[in-house]
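Participant: Have a look at this one.
The values are calculated or read from the model by the stated rules, or taken from the named source; none is laboratory data. All of these numbers come straight from a predicted model, not from anything done at the bench. Positions of Cβ are generated from backbone atoms using ideal geometry, with glycine treated the same way; all protein chains shown enter the neighbour counts.
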Ligand SMILES: Cc1cc2nc3c(=O)[nH]c(=O)nc-3n(C[C@H](O)[C@H](O)[C@H](O)COP(=O)(O)OP(=O)(O)OC[C@H]3O[C@@H](n4cnc5c(N)ncnc54)[C@H](O)[C@@H]3O)c2cc1C
């Protein structure tokens, strides 16, 4: 059994029933470096954008120090957060032991200011590269990461849409980590359908607004990590039109800023309760009551949803990264266990004669599970960081056309990163439990926590059903299919670039066929949708899967192409051997899932809509 060295070093989870046999997180620096430097070459891109200051040594320093923070400071708090959970008393939330210390260290060491605008106290590191650090934070402790992640997104939204006064008042405090942020959309009757939300905003004589209503499921709505909590709240003005066109966005702090800009008088916003949840036990999911609380308009009246999308789009990519970070952790636990656990003998002959049995990694079926995990994790990393590289291009590229192309690509990839990588996380964490056998189902090994934590990722930030509709309805049909053709063209470029390598040629040919299949499917669904709008909803989730598997195949083609070149230079380096084997596993055993999803997408709406609601329920 593996021991969590870190938790013992800090002593934060002594005395908990499950503290003895938990896996250890080690940041996968070799693979992160491979993707950042060899596959995507962030340094070269920064040079092309005139950011010569972002040299490899600097990026390396961030990766190494970031890994240390995630391994030594965060990872020890992950288990304790799950087991200890949160304490709710008199409207206040106490975070688990070690959380405040880790948060203070995160701020003191300057991590929290890393990507923020230097005009407000940030260090101005491009957000795309920071996804590599973000992955490590999630693997270290996903629930802990939510506090700072929400704050970063909320600050970004204020920076994008706020008046100068709002920016001056909130950004320095939030960027320094003294004040945190939330996003308040959901109400009891209004989740996916934000058009029916009821929270009201009454204009006041001094230019502020009185906000009244109750929001539910608000992550980090109340906690003890920061001096103040800044809520971004969706509400309706008195004369607002019905539906999503009548929603405005407001900044509502827990404590109103005083004359010095510090947290002053208490505002009329309180946490009524926190939810008892399946996972992310250390992240408070709060019922928030706004009682005539003072708020300030962010952006223009009735354009709040568009402003909130600044936060939601960032958060959607963040949730995709959560899925990926949890997958990495589940994979690490699985590979360690598979090498350690002795059961049965290899069919091809005994491998460990000195032991009572061979380690389970000798069994083909266990290898099937491990390679599937590895394929999702390493391919998912390329997909996340590739999206990050486009985010940097969208901000830094001097060529406006290139910036637009990057924005289009990000728009297309966002529902895929969110929807597909979170579904992958469900599979990878479930496989981790399976690889651990019965020991995976009991709490001590710790892998069941990963499966529970992962389960929220397909739900929040727009359910994956909504992501699928966004992809097929808005991103594909909304652009007349152009966005799908644009990404297909990028994939063709990669096929041309790497398809001549002998190891890559069969993969490139396979991907070329899949691209044609994807194009045909998109055109067929477009025709069907013209006759019946239900066809979009009926096909969307399977279409998202088809798109996800093909985009991941693209990532694997590029990674394998780079690995093949490196392998030719140094055949003794097992890292590249493993890359090529994993790429082949992806293409031969995972990519064919496209066929079944394409068939399901084509099956149409008729069958789904055939039963009345009453007919469904006949028992
Ligand atoms: C742990 C946790 C943290 C959260 N954090 C936050 C937060 O910080 N801030 C915040 O505002 N919210 C937060 N949420 C809320 C979360 O975003 C919502 O739960 C989510 O958007 C779904 O809304 P709902 O729960 O009301 O489900 P519903 O909208 O009732 O959906 C139920 C089901 O119906 C499907 N469905 C609904 N409408 C459609 C449609 N038009 N087409 C197809 N399918 C549809 C959905 O996909 C889903 O499967 C959090 C939730 C949880 C559990």
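Participant: With the requirement that a residue be under 30 Å from residue 31 (Cβ atoms) and surrounded by 16 or more Cβ atoms within 10 Å (Cβ to Cβ), what does the range 582-619 give you? First the steps, then the outcome.
Facilitator: First pass over the range 582-619, keeping only residues under 30 Å from residue 31 (Cβ atoms): 582-597.
Listed by number, the residues that qualify are 582, 583, 584, 585, 586, 587, 590, 591, 594, 597.
Participant: Okay, moving on. Among the residues of the range 162-177, write down those that are closer than 25 Å to residue 322 by Cβ and in contact with a strand residue (DSSP E or B) (Cβ under 8 Å, 6 or more places away or on another chain).
Facilitator: 174
Participant: Give the residues of the range 500-539 that are more than 25 Å from residue 380 (Cβ to Cβ) and touching a helix residue (DSSP H, G or I) at 6+ places or on another chain (Cβ under 7 Å), sorted by residue number.
Facilitator: 524, 525, 526, 528, 529, 535, 536, 537
Participant: For the range 540-549, check the following and say yes or no: at least one residue is in the same structural domain as residue 512 (by TED's automatic domain parsing), touching a helix residue (DSSP H, G or I) at 6+ places or on another chain (Cβ under 7 Å) and under 17 Å from residue 377 (Cβ atoms). Step through it out loud before you land on a result.
Facilitator: If we filter the range 540-549 for residues that are in the same structural domain as residue 512 (by TED's automatic domain parsing), which is where we start, we get 540-549.
If we keep only those that are touching a helix residue (DSSP H, G or I) at 6+ places or on another chain (Cβ under 7 Å) too, we end up with 540-549.
Restricting the remaining residues to those that are under 17 Å from residue 377 (Cβ atoms) gives 548-549.
Yes, the range 540-549 contains a residue that is in the same structural domain as residue 512 (by TED's automatic domain parsing), touching a helix residue (DSSP H, G or I) at 6+ places or on another chain (Cβ under 7 Å) and under 17 Å from residue 377 (Cβ atoms).
Participant: Is it the case, given these coordinates, that residue 516 is within 16 Å of the ligand (Cβ to nearest atom) and either within 30 Å of residue 84 (Cα to Cα) or free of Cβ contacts under 8 Å to residues at least 60 places away in the same chain (or both)?
Facilitator: Criteria not met by residue 516.
Participant: Looking only at the range 387-401, count how many residues are surrounded by 16 or more Cβ atoms within 10 Å (Cβ to Cβ) and part of a helix (DSSP H, G or I).
Facilitator: Filtering the range 387-401 for residues surrounded by 16 or more Cβ atoms within 10 Å (Cβ to Cβ) gives 387-394, 396-397.
From what's left, part of a helix (DSSP H, G or I): 387-394, 396.
Summing the residues that are surrounded by 16 or more Cβ atoms within 10 Å (Cβ to Cβ) and part of a helix (DSSP H, G or I) in the range 387-401 gives 9.
Participant: For a quick check of your reading: which strands (runs of 3 or more DSSP E) sit entirely within the range 184-278 and have at least 2 residues that are surrounded by 15 or more Cβ atoms within 10 Å (Cβ to Cβ) and not assigned by TED's automatic domain parsing to the domain that holds residue 147? Spell out the reasoning first.
Facilitator: Details: elements: 200-203, 209-219, 228-235, 248-253, 255-257, 263-266, 269-274.
Of the strands (runs of 3 or more DSSP E) lying wholly inside the range 184-278, those with at least 2 residues that are surrounded by 15 or more Cβ atoms within 10 Å (Cβ to Cβ) and not assigned by TED's automatic domain parsing to the domain that holds residue 147 span 200-203, 209-219, 228-235, 248-253, 255-257, 269-274.
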